[in-house]
Amino acid sequence: MSKGYRSIGLIALAAGGVAIADAATRGAAAQNCSAMRKINIGVSVAPPNAVHTSPHVAKELGFFAKRCIEPNIIQFEGGASATAIAAAAQGSAIVSVSDVAIGRGMKVQQFWGLAPRMPQAYMVSPDVKTAADLKGKKLSATGGGVGGFNWRMGREILRTAGLTVDDAHFISAATAGRLPGLIAGQIDGVALHPEDVYLAKKQKPALNVLVQLADLMPNYMFNAYGASLDWIARDRALLRDTAAAMIEANRAMFRDKAKVVPIIEKATDKPRNAVEYAIDVLTKNCIWSINTGFDPARTQWSIDNSAENGDLEKDRKPTVEQVANIQLAKEAVEAAGGPVTIGNCKD
């Protein structure tokens, strides 16, 4: 056992019996590994939001190690960024993959739904009370620019008032600039994760939550990890076990808040009270998956929505089976001990 794992074991001893058992499991598993399997795991934001921290939690709690996996967590500037797309297409990392990318010809496939539902609220400047007030305003296009997540969400909100993207000014910036840009008045509307909603209201109470995105688009598939088709064919077991480790991490975030808060606090570089608020929102609203994270109806709706909006050519829409490898996700759930239900959460 390595010096690092001995240190973890000593800390666990002080924390109590459950932690001791966890440390013992990690150590025993690590000793049985003839070789560690390496994998690059992408997260869609730098630094990650709370919802994206499943790889960090899985790593710190030993869920990767006990499966002989050595993860390298890579931060991207948005799931639709050029570097993230290239990593997915080249098979150099697993990243968040959309139906749009697959429909446009990327030879990739989703294999586990990290977070089926959108966690963000669309926050706006104090003078914006309705979607119609966004006309002529500066809206965020972080996370990929035109075609990226914030741009698409802004477009959806404008549509509720009969407006188009030409009726507002979309501003591209680094994802880390979303909250500071809103606070400083550089933008008038942006999709913010729960921890940033908390911080935004604390720093500038006059800011408004215009809509919860999950209420605006309840059937939208938010975030699913994908890999290249070649990778799935070549090393299905590694992808299965990687997803299984993160499934265990997600379940831990529902069941043991105290244990995961320090990990998420460190990964996100956000204050503890904001992280605790975010975890409550994410677990209460079943944002994180605890099983496959997939629902064929949700995937189909997302594909149809992308086609209706012109993000995909209607006569070249991918099928649900082309977008999501639900069978591989089911194998990961079985490797994590089988399906569970936590509260009202079942995905």
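The values are calculated or read from the model by the stated rules, or taken from the named source; none is laboratory data. Note that this is a predicted model, so its numbers are computed, not measured. Quick reminder, even Gly has a Cβ in these numbers, built from the backbone with ideal geometry, and neighbours come from all protein chains shown. Ligands, DNA and RNA are stripped out before the accessible areas are found, and what is left, the full protein with its side chains, is counted by its heavy atoms. Shrake-Rupley method; radii C 1.70, N 1.55, O 1.52, S 1.80 Å.
Here are some notes:
- Hey, V97 among the β-branched types (V, I, T), open to solvent by less than 30 Å² (accessible area, probe 1.4 Å) and under 22 Å from N150 (Cα atoms) or not: yes
- One residue from E308, E313 being at negative phi, surrounded by fewer than 19 Cβ atoms within 10 Å (Cβ to Cβ) and touching a residue at least 24 places away in the same chain (Cβ under 8 Å): E313
- Selection status of A278, open to solvent by 10 Å² or more (accessible area, probe 1.4 Å), touching a residue at least 24 places away in the same chain (Cβ under 8 Å) and either in a loop (DSSP other than H, G, I, E, B) or more than 22 Å from S228 (Cβ to Cβ) (or both): no
- Residues of region 262-274 that are surrounded by fewer than 16 Cβ atoms within 10 Å (Cβ to Cβ) and in a helix (DSSP H, G or I): P262, K266, R272, N273.
- The combined condition, being out of contact with any Pro (no Cβ under 6 Å at 6 or more places or on another chain), among the aromatic types (F, W, Y) and assigned to a helix (DSSP H, G or I), is not fulfilled by W112.
- Just one of the listed residues (A237, A206, A252, A214) is more than 18 Å from the chain's Cα centre (by Cα), among the small types (G, A, S), part of a helix (DSSP H, G or I) and surrounded by fewer than 23 Cβ atoms within 10 Å (Cβ to Cβ), and it is A237.
- Residues in region 326-347 that are closer than 12 Å to I247 by Cα and outside any loop (DSSP other than H, G, I, E, B): A329, K330, E331, A332, V333, E334, A335.
- Here I342 clears all of (1) in contact with a Phe, Trp or Tyr (Cβ under 7 Å, 6 or more places away or on another chain); (2) buried (at least 18 other Cβ atoms within 10 Å of the Cβ) except the condition numbered (2).
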